[in-house]
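One structure is given below, encoded as structure tokens.
What follows is calculated from the coordinates using simple rules that are stated; it is not laboratory data. Predicted model only: the values in this text are computed from it and were never measured. All Cβ positions, glycine included, derive from the backbone under ideal geometry; neighbour counts span all protein chains shown.
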Amino acid sequence: MNFTNTVSMRSQETDFFSRAYETGDAENLIKAGYPFADTDEWGSRIKDLRLKLICWLEHKARRRLVAFSAAERKAVGTVKMDEISKHLWHIGGIFVSPPYRGRGIGSLLYRSAFGCLKGMDVRKAVANVEVTNLPSLKTLEKTWDGFISQSYDRYSGILQHTEKDSGIDLRSFITCDLDILYRVYQKSINADWRTFLEIDKSNFLERFFGHIHSKGLLQLSVRKRVFVAEESESIVGYAVMPTSIAPLHRHIQRLYLVLSPQISFDAAMGFIRQVFSLLVTEGCRGVHLYFTNVDKDLRSKVSNALCIVPGLTKTEFLLAKKNL
């Protein structure tokens, strides 16, 4: 299907319709306050071509739509779509210019994204939204099929060195750990999360809600490291860290944490502190830590402990699902 020829959709207010993104749209969106960090990836002919090249090297498809005002002849909103697998895509980066909010443009963008993906034989879509973003939650409730039952937390901030805790051991992953780690993952994550996101034994170290490190040729520039937590000689958790080989990109580390519901709270925090200290030793200054667990008590205790760590802030997200 030729994406640029996709039939556009209109909002209830006939002044607005959706179409494929064009380079000239970026100026209006950025001036309106587009809030996401990917503005450095698109917005000029050179940037757009570079992004297409990166997606090609990564063997990943990406699409972007805009909501366009026919009366004012400018883009007033946008949404992007990223391939997770052939039949599962992530929809995110949705933004509507402040003066145009409350007029159905968010719903227009989502419906247009659904139509675009269906035309490409995509079967499912997923989106993540902050639990405090009430306008976005309202739009998702109108246009999506509901939420995956398990939310997740992201802790972002400055890393600090801490002393090693007794009772928990951190070591590097070895191949024979794979079966045990997958069982830990299965115990930690609800079944509907795993099923909808197509996560299984073959890819559970690669994904959280999407790909957590580059694939294709760009995979050569990323080193995926997995560290294992052992308590009383039993594996009780692990951490996945996709790390750029380039030294300039090591100052902020993404960290995906999976803990067995059977782990003790002291062991859980001991493992996290050891990972943090390791990263500080390696020269990392900041972290984006992603964590979720079916054990609400464990998750709450970990959350309370991390929220009092100086420099760390917590954001909780929901995952919306859509069958196309």
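Brief remarks follow.
- Rounded, prolate or oblate (a/c below 1.5 giving rounded, otherwise prolate when a/b exceeds b/c) for the stretch 13-154 by Cα gyration tensor: rounded
- Pairs of Lys residues in the stretch 3-122 that lie 8 or more places apart, or on two chains, and have C-alpha atoms under 19 angstrom apart add up to 13.
- Beta bridges by DSSP in the chain, antiparallel share as percent, to the nearest 5: 85
- Ranking 262, 89, 317 by how far each Cα lies toward the positive end of the dipole of the chain (charges on Cβ) leaves 89 at the top.
- Placing dummy labels 7 Å off each Cα toward the beta-carbon, the span from residue 285 to residue 160 is 1.8 nm.
- Computed from Cα atoms, the angle from the helix 296-307 axis to the main principal axis of the chain rounds to 90 degrees.
- The magnitude of the dipole of the stretch 3-122, with charges of +1 and -1 set on the Cβ of Lys/Arg and Asp/Glu and taken from the Cα centre, is near 140 debye.
- The chain: C-alpha pair distances exceeding 34 Å, %: 28
- When the alpha-carbon atoms of the stretch 152-316 are used, the pair Rg, Dmax equals 15.0, 41 angstrom.
- Helix 105-119 axis, angle to the chain major axis (alpha carbon atoms, nearest 10°): 80
- Electrostatic dipole magnitude of the chain [Cβ: Lys, Arg +1; Asp, Glu -1; Cα centre; debye, to 20]: 1020
- Reference-scaled alpha-carbon Rg (2.2 N^0.38 Å with N residues) for the stretch 103-158: 1.33
- In a reduced charge model with +1 at each Lys and Arg Cβ and -1 at each Asp and Glu Cβ, the stretch 281-324 shows a dipole moment near 200 debye about its Cα centre.
- Descending principal axes extents, the stretch 249-324, alpha-carbon based, whole Å: 43, 33, 20
- Cross-link reach list, lysines versus residue 142, counting only Cα pairs under 18 Å and skipping chain neighbours closer than eight places: 124, 321, 322
- The per residue volume of the convex hull around the alpha-carbon atoms of the stretch 42-98 is 90 Å³.
- Net charge of neighbours whose Cβ lies under 10 Å from the Cβ of residue 321, counting Lys and Arg as +1 and Asp and Glu as -1: 0
- Mean Cβ count within 10 Å, highest first, over the residues of peptides 91-101, 142-152, 108-118, 32-42: 108-118, 91-101, 142-152, 32-42
- By the count of neighbouring beta-carbon atoms within 10 Å, fewest first, 16, 265 end up ordered 265, 16.
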